[in-house]
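See structure below.
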Amino acid sequence: MREKYLLELGGENTTLGKYEALELFKFRKYHPKLENDYGKIVVISTSKEIENKIINRLSMTKRLSKIIFSSRKDNIKKSLDDLQEIDIGEKSFAIRQVGGNKLENEKTSILIGEKVSINNQTDLKDPDATILFYKNKNFNISLAYKSGHTAYKKCLKHHISYRPYFSPISIHPRIARAMVNLSNCNYTEPVIDPFCGTGGILIEGADMGLNVIGIDLKEKMIEFSKGNLKHYGFEANLLKSDFKEIKNLEFSSIVCDPPYGIASTTGGESISQLMERCLDTFQKVMKRKQRLVIAVSNAEMVKHQNLKLIHKFEWYIHKSLTRNIIVLEKN
Ligand SMILES: C[S@@+](CC[C@H](N)C(=O)[O-])C[C@H]1O[C@@H](n2cnc3c(N)ncnc32)[C@H](O)[C@@H]1O
């Protein structure tokens, strides 16, 4: 029997959010299948229950809940006749609707509440378990536990406005984390950011329990990364060097955000030259099946003859800046 999950995606980029989850679950051997795609809401099935440690990694999914009941009947009251008691152990709970109108919400919440033992306390502010219902083609009831929260809100604590060392070039924590999750990195070999700047990607990697290595041409940036990581209680192997130092290092994946505009330092090289040189170096050092996840403003600059294009996502930042997140894999 396959498990089914309802994912409520953040509105920033639902395609990126969907694939962040699918790729991470695939790499962690949950054999995911996309069952339904309703834009901000998707239903995914997996071959086994997803561990909290993996759910906690997601940055673009607001909430992930496990579907415990599904009915095709049109009448909600009738469909609930088929539902036995909802067992949530001794946990406190709240009942919430995903989408839909309020009146239906109240009636349905009462009916669902009758399926929960009277020994369970309701707690609308901070429940241990949230019982969700969602009506589309099917009427679904799903469960989300507090311990199985995603990082959608949590990673905002890593936003530049909360870091001691600030630079406007830093990537948004949600994008940084999604990039790491798309990179198929494992827990034994490090994920490497060869253009680490103030450490946005390294912070997300370390927060997910991964080993991280950062390289940057500028001493100041290495100091900034070190200070920011320390602020959150993390460590990384940090090297002040040109990115080509990667040739001497072992890693499981490369995730980076190379310089893209006049605000970034390149050490005198043009952005196009730098991109050509780094793509060439990465292709040579990557092993079969390893991934490079790279954020660029001009996707044309990413020449990848020896790397297979897996995904390309566009992230609109403002009128004159769209970031492309490109996922490449060594053949
Ligand atoms: C867009 S920033 C990276 C921002 C980073 N993701 C963050 O969270 O702060 C690009 C970084 O690449 C560094 N850089 C430029 N040329 C480099 C090179 N040849 N080798 C390594 N780092 C380089 C710059 O110093 C800059 O910190």
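Here are the numbers for this structure:
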{"read-out": "Residue among ILE110, ILE118 that alone is loosely packed, with under 14 Cβ neighbours inside 10 Å, assigned to a loop (DSSP other than H, G, I, E, B) and more than 30 Å from the chain's Cα centre (by Cα)", "value": "ILE118"}
{"read-out": "Hits in segment 206-224 - residues which are farther than 21 Å from ARG288 by Cα and not in a loop (DSSP other than H, G, I, E, B)", "value": "ALA206, ASP207, GLY214, ILE215, ASP216, GLU219, LYS220, MET221, ILE222, GLU223, PHE224"}
{"read-out": "Any hit, segment 77-95, residues being at pLDDT 95 or above, in contact with a helix residue (DSSP H, G or I) (Cβ under 9 Å, 6 or more places away or on another chain) and part of a loop (DSSP other than H, G, I, E, B)", "value": "yes"}
{"read-out": "Selection from segment 156-176 of residues that are within 13 Å of the ligand (Cβ to nearest atom) and in a helix (DSSP H, G or I)", "value": "HIS158, ILE160, PRO173, ARG174, ILE175, ALA176"}
{"read-out": "Condition check for ILE203: touching a His at 6+ places or on another chain (Cβ under 8 Å), assigned to a helix (DSSP H, G or I), within 13 Å of the ligand (Cβ to nearest atom) and in the same structural domain as VAL180 (by TED's automatic domain parsing)", "value": "yes"}
{"read-out": "Qualifying residue in segment 284-293 (condition: of a type outside the set (A, V, I, L, M, F, W, C), within 20 Å of GLU20 (Cα to Cα) and within 13 Å of the ligand (Cβ to nearest atom))", "value": "no"}
{"read-out": "Pairs, first in the same structural domain as HIS172 (by TED's automatic domain parsing) and touching a residue at least 12 places away in the same chain (Cβ under 8 Å) in segment 316-331, second loosely packed, with under 11 Cβ neighbours inside 10 Å and assigned to a strand (DSSP E or B), C-beta under 9 Å, six or more apart", "value": "THR322/TYR316; ARG323/TYR316"}
{"read-out": "Residue within segment 210-219 that is away from the ligand (no atom under 13 Å from the Cβ) and closer than 22 Å to ILE55 by Cβ present", "value": "yes"}
{"read-out": "Matching residues in segment 134-176 - criterion: being surrounded by 17 or more Cβ atoms within 10 Å (Cβ to Cβ), of a type in the set (D, E, K, R) and within 30 Å of VAL116 (Cα to Cα)", "value": "LYS135"}
{"read-out": "Search result, residues across segment 177-200 that are within 14 Å of VAL293 (Cβ to Cβ), among the β-branched types (Val, Ile, Thr) and within 12 Å of the ligand (Cβ to nearest atom)", "value": "VAL180, ILE192"}
{"read-out": "Residues of segment 252-280 satisfying the condition of being crowded, with 18+ Cβ neighbours inside 10 Å and either more than 16 Å from GLY200 (Cβ to Cβ) or more than 12 Å from the ligand (Cβ to nearest atom) (or both)", "value": "SER252, SER253, ILE254, ILE271, LEU274, MET275, CYS278, LEU279"}
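Results for (1) surrounded by fewer than 17 Cβ atoms within 10 Å (Cβ to Cβ); (2) of a type outside the set (Val, Ile, Thr), shown as yes or no for each residue.
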site	(1), (2)
MET1	yes, yes
GLY17	no, yes
LYS48	yes, yes
ILE54	no, no
THR61	no, no
ARG72	yes, yes
LYS78	yes, yes
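The values are calculated or read from the model by the stated rules, or taken from the named source; none is laboratory data. Computed from a predicted structure; not experimentally measured. In this analysis, Cβ positions are derived from the backbone assuming ideal geometry, glycine residues included, and neighbour counts consider all displayed protein chains.
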